[in-house]
Every structure is written in C-alpha cells, then in structure tokens.
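Step one of this worksheet: look at the structure below.
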Amino acid sequence: MRNVLRGLALCLAASGIASAAFAQGTVNTPRVHALTNVRIVQSPGVVINNGTVVIRDGLIEAVGASVAIPPDARVWELDSLTVYPGMIDLAMEVSPPSTDDKKDTETLGHALSVVRSDYAAGAQLALSDSDISARRNEGILSARILPNKGAFRGQAAFLNLGDGSLAENLIKKSCGQVVAFGTASDDAYPNSGMGSVAAIRQTFYDARWYDQAQSSYAANPRGKERPEPNAALAALLPAMSGETPFIFVTDDVLDLLRAGNMGKEFGLSFTYVGSGEEYKRSDDIRPFAASSNLVVPVAFPKAPSVDDEGSALSVSTSTLRAWRDAPSNPAQLANAGLTYALSARNLKDVGSFRKNIGKPVEAGLSANTALAAGTTVPARM
C-alpha cells in the first residue's frame with residue numbers, strides 16, 4: 001500500500017495530466033480520486049500545508065486547502081506525504097534501432113552515416129520498462145526523447161512516461177531536430193571533431209541548396225530536370241526555416257560555444273543541451289543561452305580516489321577543480337541571469353536524480369529555482 005500511495009504522490013504532472021495509473025483498474029473502480037490531508041507544493045514557492053487534490057478522468061480538477069470532495073470520489077488519506085508537480089526531462093537520450101552504415105545510407109538518403117535526420121524517435125521508439133520506472137520513481141513523468149547517434153541525429157519526440165503503448169503516451173511526434181558533434185564509427189568520415197564540424201556545416205549548406213532547388217523547380221518546372229529527392233535533407237527543412245528547433249547536444253562547454261558561433265554563421269537559432277561545464281565560461285555562453293532554451297544535467301563528477309599517497313598525488317588539479325565546482329553550475333548560471341531546465345542526462349543511475357538536485361541547492365541554488373527548473377520551466381519550453 002505504501003508504494004501505491006507513493007506512486008499517487010508522484011503522479012501529478014506539471015502539465016496537469018495525471019498518470020495513467022489513475023485510469024487503470026477494475027470496471028468498478030471510480031475514475032474520480034481525492035488526495036486529502038496532504039502537503040501540496042502547488043508551484044515553486046506556493047505551498048498548501050493541508051489540502052486536497054481532486055483528479056477526474058485522468059486530469060487534475062481542483063487543488064486547494066478547502067476543496068470539496070466530490071461524492072463519487074475515491075478518497076485517499078495521505079496525511080504523511082507531500083505532493084509535488086511531476087518533473088519533465090527535456091534531454092532523455094536513447095539509442096535508435098541498430099542498423100549498419102549501408103542500410104542507414106539507403107534508408108535516410110545521405111552519403112554520410114552520421115546524417116540521420118529523417119529518423120523519427122516518435123515513430124520507432126522502444127523504451128524498456130526499467131527506463132520508464134526508474135524515472136517515474138524519481139518523479140519524472142514526461143520526457144523529450146533525443147536520439148543519441150550521429151551528427152544530425154533525427155527528430156526528437158515528447159511523451160508521457162506512463163504505462164501502455166507509445167501511441168498512448170506520445171504527446172508530440174516531432175519537436176525538433178537533434179544535432180551534436182558526433183563522429184562515425186570505425187574509419188568512416190567524419191572520425192574527428194574537426195571533421196564533424198565540417199560535416200555539419202556542409203550539411204547546412206546542402207539543406208539550404210536543396211530547399212532552393214526544390215522551390216525553384218516547383219515554381220517553374222518547365223525545361224528543368226527534377227531535383228533528386230533526399231529524405232535526410234528534406235527532414236532538416238522545418239528546422240532550417242525556424243518552424244521547429246534545432247536541439248544541439250553538447251559534451252563540454254567548448255561544444256556549446258562552437259554551436260553558438262555556428263548558429264550565428266547560418267542565421268539559425270539553437271536550443272542547447274548542456275554538459276554541466278557551463279560554469280567554466282558562463283560569460284561567454286550568455287549571448288547564446290540567454291536568448292534560447294538551455295537544459296542542464298545534474299550529473300556531477302565523483303570524488304577522486306585519495307585513499308593512498310600514490311592515488312592522491314596522481315589526481316590532477318583540473319580533476320579536483322571539476323569535482324569541487326561542477327555542483328555549483330546551476331547556481332552560477334542562475335546568478336548570471338540564465339534560465340534553464342534540469343535533466344537526468346548522463347546519470348549512470350537515474351535513481352540519484354533527486355539526490356543530485358540537492359547538491360546545487362547546497363552550493364547556493366534556491367530550492368524554488370531548482371523546483372522550477374524541473375517543472376514549470378521545462379513545461380514552458
């Protein structure tokens with residue numbers, strides 16, 4: 001029973017959608033629930049010490065200190081619990097279905113295996129039960145899914161992490177084109193950071209040319225050879241025109257600076273998934289991040305081993321500095337006036353997500369800012 005109550009306490013999504021668990025059960029189970037005598041953190045800084053939440057047909061109907069309990073409601077006395085809004089993770093990375101490079105090229109229509117832009121996570125996604133349950137146990141109830149292979153990685157999707165099929169939980173099939181300075185496997189091109197930068201720049205040029213060629217042919221096809229279709233380049237056009245965002249995933253702070261300069265070069269606006277190193281160059285990234293959406297992970301370096309004199313002497317100053325300073329990254333970004341969402345990205349154990357959010361709070365981040373970064377801020381994004 002304790003697990004059931006804990007599950008109910010975590011099932012209030014920031015968007016107002018309750019978990020599908022409320023809609024499941026026997027035929028006689030009512031679809032109206034009242035969570036009573038609970039401490040409710042309604043939003044950052046707004047707390048109801050003893051209140052009631054009414055949920056009807058999977059949606060939150062009422063929240064307050066003196067909410068009338070409907071006569072048809074199933075009442076849950078939860079006097080020992082606190083109810084928070086469900087969290088939203090905008091950087092849940094997943095591996096796309098494995099295919100060899102030749103098949104990638106034939107399917108996606110591009111000569112480079114790292115250009116997988118017409119892969120759609122929302123159409124082919126397969127999440128394991130453990131992926132979902134681990135996040136729900138931490139209070140993460142919705143996520144933006146980011147493919148994690150290649151340079152142009154494909155289209156992100158947004159979904160609830162509820163029980164049932166992908167179709168039942170999918171909120172938005174395509175919510176941005178994912179980009180990163182990724183390299184190819186084995187000896188294929190590009191196999192270096194410099195090569196990846198060149199491949200991304202060339203693909204932007206190719207997509208711009210492809211759009212112009214298709215538009216020119218459509219406007220006046222007489223006497224012209226029809227341009228060869230390319231699914232990978234066509235998939236980039238909504239983001240190239242600003243209809244959907246480019247989501248640039250970075251592995252260090254220099255990646256973010258490279259991406260920002262590239263966006264400026266091509267007149268493109270990126271949203272950024274950070275690495276946790278943003279504190280190292282917060283002044284430099286501000287021009288890019290201040291006008292865009294930024295997602296920041298709460299995965300921090302572990303304390304280096306200094307169990308013996310030899311281990312202690314081998315630890316570099318940069319390693320010690322990263323261990324000391326990385327947890328202050330969210331606080332430093334907030335002090336710099338930047339707004340961001342927090343993510344479980346790069347955590348080896350998702351079960352440490354809430355614990356790790358506490359580390360930036362200990363380093364100076366306000367608790368309300370931390371809660372907003374997991375709920376209302378990503379909801380707006």
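The table below gives the values:
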quantity	calculated
Filter result (in contact (Cβ under 8 Å) with a residue 40 or more places away in the chain and closer than 27 Å to Ser291 by Cβ) within segment 335-353	Ala336, Gly337, Leu338, Thr339, Tyr340, Ala341, Leu342, Ser343, Ala344, Arg345, Asn346
Output for segment 173-196, where each listed residue is in contact with a Pro (Cβ under 9 Å, 6 or more places away or on another chain) and either among the acidic types (Asp, Glu) or assigned to a helix (DSSP H, G or I) (or both)	Ser196
Neighbours by Cβ (under 9 Å, 6+ apart or cross-chain): first from segment 297-312, more than 30 Å from Met92 (Cα to Cα); second among the β-branched types (Val, Ile, Thr) and open to solvent by 40 Å² or more (accessible area, probe 1.4 Å)	Ala312/Val306
Answer from Ala167, Ala134 - the residue that is more than 21 Å from Tyr119 (Cα to Cα), open to solvent by 30 Å² or more (accessible area, probe 1.4 Å) and in a helix (DSSP H, G or I)	Ala134
Qualifying residue in segment 121-129 (condition: surrounded by 20 or more Cβ atoms within 10 Å (Cβ to Cβ), part of a strand (DSSP E or B) and hydrophobic (A, V, I, L, M, F, W, C))	no
Residue tally, condition under 24 Å from Asn293 (Cα atoms), of a type in the set (Gly, Ala, Ser) and open to solvent by less than 80 Å² (accessible area, probe 1.4 Å), over segment 208-246	3
Verdict on Ala199 being farther than 21 Å from His110 by Cα and in a helix (DSSP H, G or I)	no
Selection within segment 137-158 - within 15 Å of the chain's Cα centre (by Cα) and either on the phi > 0 side of the Ramachandran plot or open to solvent by less than 10 Å² (accessible area, probe 1.4 Å) (or both)	Gly139, Ile140, Ser142, Ala143, Ile145, Leu146, Pro147, Gly154, Ala156, Ala157
Unmet criterion (only one of (1) in contact (Cβ under 8 Å) with a residue 40 or more places away in the chain; (2) in contact with a Phe, Trp or Tyr (Cβ under 8 Å, 6 or more places away or on another chain); (3) within 30 Å of Ile200 (Cβ to Cβ)) for Asn356	(3)
Residue match in segment 351-362 (condition: in contact with a strand residue (DSSP E or B) (Cβ under 8 Å, 6 or more places away or on another chain), part of a helix (DSSP H, G or I) and under 24 Å from Asp131 (Cβ atoms))	yes
Residue check, Thr250 among the hydroxyl-bearing types (Ser, Thr, Tyr), within 23 Å of Val296 (Cα to Cα) and open to solvent by less than 40 Å² (accessible area, probe 1.4 Å)	yes
Counted residues, segment 211-242 - those being within 28 Å of Pro147 (Cα to Cα), among the acidic types (Asp, Glu) and modelled with pLDDT under 95	1
Subset of segment 316-334 [more than 13 Å from Glu277 (Cβ to Cβ) and either touching a residue at least 24 places away in the same chain (Cβ under 8 Å) or crowded, with 16+ Cβ neighbours inside 10 Å (or both)]	Ala331, Ala334
Condition check for Ser291: without any contact (Cβ under 8 Å) to a residue 24 or more places away in the chain, open to solvent by 20 Å² or more (accessible area, probe 1.4 Å) and closer than 20 Å to Tyr340 by Cα	yes
Breaking point among (1) closer than 21 Å to Thr271 by Cβ; (2) without any contact (Cβ under 8 Å) to a residue 40 or more places away in the chain, for Asn220	(1)
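The values are calculated or read from the model by the stated rules, or taken from the named source; none is laboratory data. From a predicted model like this one, the values you see are computed outputs, not experimental measurements. Ideal geometry is used to build each Cβ from the backbone, glycine not excepted, and the neighbour counts take in all protein chains shown. SASA here: full protein model, heavy atoms, side chains in, ligands and nucleic acids out. Shrake-Rupley method; radii C 1.70, N 1.55, O 1.52, S 1.80 Å.
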